[in-house]
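Single-structure report; data block below.
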Amino acid sequence: MRLISINVLTTGMVIGRTIWNEAGHPLLQKNVVVSDSIIERLKQLGIQYLYIEDEISNGIEIEETVSHAKRMKAVKQITESFDKVKGLNSYSASIILDQQSKVIGNLVDDLLNSVTKNEDLLTILTDTLIYDEYIYQHSFQVTLYSLAIAKELGYTYGDLKTIGMGALLHDVGKMAIPTEILLKPSKLTDEEYETMKKHARFGFDILRNLHTVSLLVAHCAFQHHERLDGSGYPRGLVNDEIHPYAKIIAVADVFDAVTSNRVYRKKMLPHQGIKIIDSANGTLFDSRVVEALKRCIVHYPNGTIVLLSDGRRGVVAKQNSENSALPHVRIFEENNKLLKSTYLISLAVETNVFIEKVETDYIVNIE
């Protein structure tokens, strides 16, 4: 199975991984043979990348940290909890969330269990999901990224639980934002953006009055858009004024935002998202958090075609748990010629070679 751009999807290719809608129903099943109508439909849905099966990637599989069934259950619970407070004032929303706190806590426990028991790098496949309301999937994904980062940083189980709660509820204040702004399919105006920015304070006002949740959870919502240099909002906090938990969620929040499908912006691949975060390492984002992200997240998912610095091409076949930026690559081309027999290399061993480019638009001409 390998990852390709929709731009090079052609009739006759075989779908490698099922694409699901927000309700958890399959829109396009694995092993379906692609037709012109399927290509047109996927483009209408805004799909940028998808997985196909072919000869050079035969046997390469991808396992998500959290199963599809568990993801759908979690997102359904998040949706139900958030929808209950939509449009309410902070006092009423606090009462409702207090009633939902056990459900939310159990959900965080479940996700925490998945992350802590899994010794592999964190893998989340947003390419296989179609969703209308981004906030619910985003809350789920930010929780997983935050827990993985916090685990990498060595936080205790109790800390992880609080961080997980803060991450899952970090955007609950958006339920107080007018729907026409929250779901606007194009770029916000300056005035609309100022309204959107209020979600951090709205979230704090809702969460700080909960009797069943730590006040730190409220501060996670309040501070997840603050930045080390003071350029964030809503209070322009700097450095140590920002709580360490909020620094973790800030990185997870931005990483998921840039690597997820949005109507008005093309998603980045994981290595591109990591590069964006790393460019603000120590200026906007806490260095320890950024380095932890780089260690625990898959940079190049299995099935990604890469061009190496020595001109060879290959497909990422296996991850390297010791260095997430240096996976194992199945070489299938040398000197622009396909090999009769592929072979596997480790970029951690071949230290004189590096990944020069990811090639999702590469067309394999197998004669």
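When averaged across all projection directions, what area in nm² does the alpha-carbon convex hull of the range 1-68 cover? List each step's numbers first, then the result.
Values: hull surface 19.2 nm².
With every direction weighted equally, the projected area is 4.8 nm².
What number comes out for accessible area per residue over the chain if the probe is 1.4 Å? Units Å², please.
Numbers: 16600 Å² over 367 residues.
Per-residue accessible area for the chain comes out at 45 Å².
Which ³J(HN,Hα) values in Hz, rounded to whole numbers, follow from the phi angles of the range 351-357 under the Karplus curve 6.51 cos²θ - 1.76 cosθ + 1.60, where θ = phi - 60° and Gly and Pro get x?
6, 8, 10, 9, 6, 8, 7
With θ taken as phi - 60° and the coefficients 6.51, -1.76 and 1.60, list the Karplus ³J(HN,Hα) couplings across the range 316-323 in order, rounded to whole Hz; mark glycine and proline as x.
4, 10, 7, 8, 10, 5, 7, 8
Along the range 85-98, what does the Karplus equation 6.51 cos²θ - 1.76 cosθ + 1.60 (θ = phi - 60°) give for ³J(HN,Hα), rounded to whole Hz, x for Gly and Pro?
9, 4, x, 7, 6, 4, 5, 5, 5, 4, 4, 5, 5, 4
Under the rule of at least 5 residues apart or a separate chain, name every residue whose amide H is placed under 5 Å from the amide H of Arg262.
Lys267
For the range 140-201, what is the number of Lys pairs with C-alpha distance below 20 angstrom, counting only pairs 8 or more positions apart or on separate chains?
Final tally of qualifying lysine pairs is 9.
Amide H to amide H, which residues 5 or more places from Thr65 or on other chains are under 5 Å from it, using H placed in the peptide plane?
Thr123
Which whole-number percent of Cα pairs in the range 281-367 have a distance greater than 22 Å? Could the numbers behind the result be given before it?
Numbers: 1188 of 3741 pairs.
The answer is 32 percent, as a whole percent.
Report in % the part of the accessible area of the chain that belongs to carbon and sulfur, leaving out ligands and nucleic acids; probe 1.4 Å. Walk me through the numbers before you get to the answer.
On the way: 8210 of 16600 Å².
Using a 1.4 Å probe with all protein chains present, the chain comes out at 49 percent carbon and sulfur.
Counting each DSSP H run of 4 or more residues in the chain as -39500 (n - 2.57), what helix-only mean residue ellipticity at 222 nm follows after dividing by all residues, to the nearest 500 deg cm²/dmol?
Numbers: 12 runs with 148 residues, N = 367.
The helix contribution divided over the chain gives -12500 deg cm²/dmol.
Specify the inter-centroid distance of the range 315-352 and the range 92-120, based on alpha-carbon positions, in whole Å.
Here the answer is 39 Å between Cα centres.
Mind running the shape call on the range 1-129? Use the C-alpha gyration tensor, a ≥ b ≥ c as the square roots of the eigenvalues: rounded below 1.5 for a/c, prolate if a/b tops b/c, oblate otherwise.
oblate
Taking H placed 1.01 Å from N in the peptide plane, check which residues at least 5 places from Gly314 or on another chain put their amide H under 5 Å from its amide H.
Placed amide hydrogens put Val306, Leu308, Phe332 under 5 Å from Gly314.
Under the Kirkwood approximation applied to all pairs of distinct alpha-carbon atoms, what is the hydrodynamic radius of the chain in Å? Can you show the working numbers first?
Numbers: mean 1/r = 0.0465 Å⁻¹.
So the Kirkwood estimate lands at 21.5 Å.
The values are calculated or read from the model by the stated rules, or taken from the named source; none is laboratory data. None of these values were measured; they are calculated from a predicted model. With ligands, DNA and RNA removed, areas are computed over all heavy atoms of the protein, side chains included. Shrake-Rupley method; radii C 1.70, N 1.55, O 1.52, S 1.80 Å.
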